[in-house]
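One structure is given here, and the rest of the page talks about it.
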Amino acid sequence: MVTRKISLILVAAVLLSTVVFSPSAAARTVEHALGVVEVPDDVKRPVALFDFFLDHLVALDITPVAGDSRGANRFVTYLDAVLKERGTVPIGDQWNPSLEAILMAQPDLILTHANVHDKVYDQLNAIAPTAAYLGTEVGADGQVHRRSWDDLFRDTAQTVGKTEEAERIIADLQCRIHDLRERVREKYSDETFLYLRVLPKEIRVYGHDLWGGPGWLLHDALELRPAPVPMDKPTGAISVEAFPGINPDHIFMALQSEEKLEEFKNTPLWKNLTAVKKDQIYPVDPETFQTETGPISLGLQLDTIEKALLN
C-alpha cells in the first residue's frame with residue numbers, strides 16, 4: 001500500500017512538473033552534493049526542507065512556497081510570523097517532510113539536506129528540480145562538524161542565482177561580528193562565559209566550535225573567554241555536580257525544560273554560581289540559537305548578545 005502510494009505521488013509529480021517547470025524553460029546547471037540538476041533562472045516557488053534553507057531564502061528576499069515546520073501549524077520561532085504572513089505552506093517536520101504536501105505546493109525548486117533526505121532524493125527530484133547540500137563535513141581533525149553558516153548560505157545563493165546579494169549580507173554580518181567582538185573583549189576580557197541548554201532529561205554545555213553553533217559565536221567569533229568545561233568536544237551533557245568547577249561569570253541559557261531548571265535551582269550548587277549571584281544569566285530563544293545558523297538567525301543572536309552585554 002505504501003509503495004503504491006509513493007508510485008502514485010511520483011506519477012502525479014511527473015505530470016505536474018511539466019507544468020511547473022520544464023527543462024525547455026530558461027535554466028542553469030547547478031552542482032550539488034548528490035549530483036547535478038537544472039534549475040530555473042528565475043526561481044518563483046522554492047520549497048525549503050530544512051530550517052537554514054528557510055532562513056537563506058527569506059534573507060535573499062525570496063518567499064518559499066512551502067517549508068519544513070514544527071507540526072502542522074508552526075515554523076521555526078524566529079521566522080514563523082513572516083512566513084505565515086507571506087503564505088508559506090507548512091509541510092511537516094524537517095526530518096520527515098510530507099511528499100504529498102510538497103507535490104501540492106507545485107514548487108519549481110526544492111532545497112534539501114543531503115545528510116538527511118538522500119534516501120528520498122529521487123522522489124523529490126521527480127516533483128521538481130532538487131538541489132541537496134551537506135549540512136556537515138569531516139574536518140581536518142577527522143571529526144564530523146557542521147559546515148560554516150556562510151558556506152551553506154553561498155550554496156543556496158548560487159542555486160537561486162543571488163550570489164552578489166549573499167556576499168553583501170555575509171560582509172555586513174562579518175562587520176557586525178568584528179565590531180561587537182572589539183567592544184565585548186574590551187569590557188569582558190577577564191570574565192568567563194558559558195552557553196547552557198536545559199533539556200527535559202539533561203543539561204548540555206557548549207564550548208569552542210570552529211564550525212558553527214552557539215559555542216562558535218561566543219568563543220570563536222566573538223572571542224569571549226570560555227568557562228573551563230571538562231570535555232574535549234564542542235558540546236556534551238554535564239552533571240550539576242560539575243558546575244562548581246566551571247563557575248562561569250556569565251551564562252547564556254536556552255531553556256527547554258522549566259522542570260529541569262527548577263530541579264537545578266533547588267540545589268546549593270546553583271545558588272553559589274557567580275553568574276547567579278551577579279544576576280548575569282541571559283535567556284535566549286532555543287530555536288534561534290540551536291538551528292543550523294543562517295544570516296537571519298545569526299543577526300538575531302548578535303542582537304541578543306549585544307543587548308545582554310552592552311545595554
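Given the range 154-288, what percent of its DSSP beta bridges are antiparallel, to the nearest 5?
So the antiparallel bridges in the range 154-288 amount to around 40 percent.
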So what are the ³J(HN,Hα) numbers for the range 142-148, from phi and the Karplus equation (6.51, -1.76, 1.60; θ = phi - 60°), rounded to whole Hz, Gly and Pro as x?
x, 9, 7, 10, 5, 6, 5
Calculate for the chain the 222 nm mean residue ellipticity that helices alone would give, adding -39,500 (n - 2.57) per DSSP H run of length 4 or more and normalising by residue count, nearest 500 deg cm²/dmol.
-12500 deg cm²/dmol
Need one value: the accessible area of ARG168 in square angstrom, 1.4 angstrom probe, rounded to the nearest 10.
140
Stokes-Einstein D in µm²/s, Kirkwood radius over Cα pairs - the chain at 4 °C with 1.567 mPa s viscosity:
62
Consider all pairwise Cα distances in the range 115-237 and report the whole-number % of them above 26 Å.
39
I want to check the label-to-label distance for VAL144 and ALA101. Put each point 7 Å from Cα in the C-beta direction and report it in nm to one decimal.
2.5
On each of the three principal axes the extent of the alpha-carbon atoms of the range 142-181, given in whole Å and largest first, is 32, 30, 8
Report the one residue of GLN280, GLN301, GLN290 whose Cα lies farthest in the direction of the positive end of the charge dipole of the range 272-311 (charges on C-beta: Lys and Arg +1, Asp and Glu -1; origin at the Cα centre).
GLN280
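Listed highest first by mean packing, meaning other Cβ atoms within 10 Å per residue, what order do 127-138, 104-115 come in? Intermediate values should be presented prior to the final figure.
On the way: 127-138: 20.5, 104-115: 22.5.
Packing proxy ranking, top to bottom: 104-115, 127-138.
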Rounded FRET efficiency, nearest 0.05, which uses the C-beta distance separating LYS44 from GLU262 and R0 of 51 Å
0.55
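With an 8 Å Cα cut-off and a minimum separation of 6 or more residues, compute the relative contact order for the range 154-311 in percent.
Details: 223 pairs, mean separation 36.6, N = 158.
It comes to 23 percent, rounded to a whole number.
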Convex hull (Cα only) mean projected area of the range 63-124, reported in nm² to one decimal:
4.2
For the range 210-311, just the Cα set please: Rg and Dmax, both in angstrom.
13.9, 40
Label point distance in nm, GLU202-GLU165, each placed 7 Å from Cα along Cα→Cβ
4.0
Treating cross-link reach as a plain straight distance, find the lysines whose alpha-carbon is under 20 Å from the alpha-carbon of LYS265, omitting any fewer than eight places away in the same chain.
LYS201, LYS277, LYS278
Looking at the chain, send over the antiparallel percent of its DSSP beta bridges, to the nearest 5.
45
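Would you please report the Å³ per residue occupied by the convex hull of the alpha carbon atoms in the range 31-157?
Values: hull volume 14.0 nm³, N = 127.
Residue-normalised Cα hull volume stands at 110 Å³.
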Set of lysines with alpha-carbon distance to LYS162 below 19 Å, sequence-local pairs under 8 removed
LYS44
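Of all the accessible heavy-atom surface of the chain, with the other protein chains kept in place and a 1.4 Å probe, what percent is carbon and sulfur? Display every interim value, and only then the final one.
Values: 7640 of 14770 Å².
Carbon plus sulfur share of accessible area: 52 percent.
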Quickly work out the MET231-to-ASP93 label distance, labels modelled 7 Å from Cα along the C-beta direction, and quote it in nm with one decimal.
2.3
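Report the Stokes-Einstein translational diffusion coefficient (µm² s⁻¹, integer) for the range 147-212, Rh taken as the Kirkwood radius over Cα pairs, at 37 °C with viscosity 0.692 mPa s.
On the way: Rh = 14.8 Å.
Stokes-Einstein gives a translational diffusion coefficient of 222 µm²/s.
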What size of dipole, in debye to the nearest 20, comes out for the range 154-311 about its Cα centre when the only charges are +1 on Lys and Arg C-beta atoms and -1 on Asp and Glu C-beta atoms?
320
Placing +1 on the Cβ of each Lys and Arg and -1 on the Cβ of each Asp and Glu in the chain, which of PRO230, LEU310, LEU217 has its Cα farthest towards the positive end of the resulting dipole?
PRO230
With a cut-off of 8 Å between alpha carbons and a minimum separation of six or more residues, what is the relative contact order of the range 59-214 in percent?
15
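If the only charges are +1 at each Lys and Arg Cβ and -1 at each Asp and Glu Cβ, what is the size of the charge dipole of the chain around the Cα centre, to the nearest 20 debye? If you can, show how the numbers build up before the last one.
Working: 31 positive and 46 negative charges, 128 e Å.
For this selection, approximately 620 debye.
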What are the residues whose amide H is under 5 Å from the amide H of ARG28, where those residues sit 5 or more places off or on another chain and H is modelled from the backbone?
VAL39, ASP41
So, for the range 193-233, what is the accessible surface per residue at a probe of 1.4 Å, expressed in square angstrom?
43
Heavy-atom accessible area of LYS271 with all protein chains present, probe 1.4 Å, nearest 10 Å²?
120
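The values are calculated or read from the model by the stated rules, or taken from the named source; none is laboratory data. Nothing here was measured: the structure is a model prediction, and the numbers come from that model. Positions of Cβ are backbone-derived with ideal geometry, glycine not excepted, and every protein chain shown enters the neighbour counts. Accessible surface areas use protein heavy atoms only, side chains included; no ligands, DNA or RNA. Shrake-Rupley method; radii C 1.70, N 1.55, O 1.52, S 1.80 Å.
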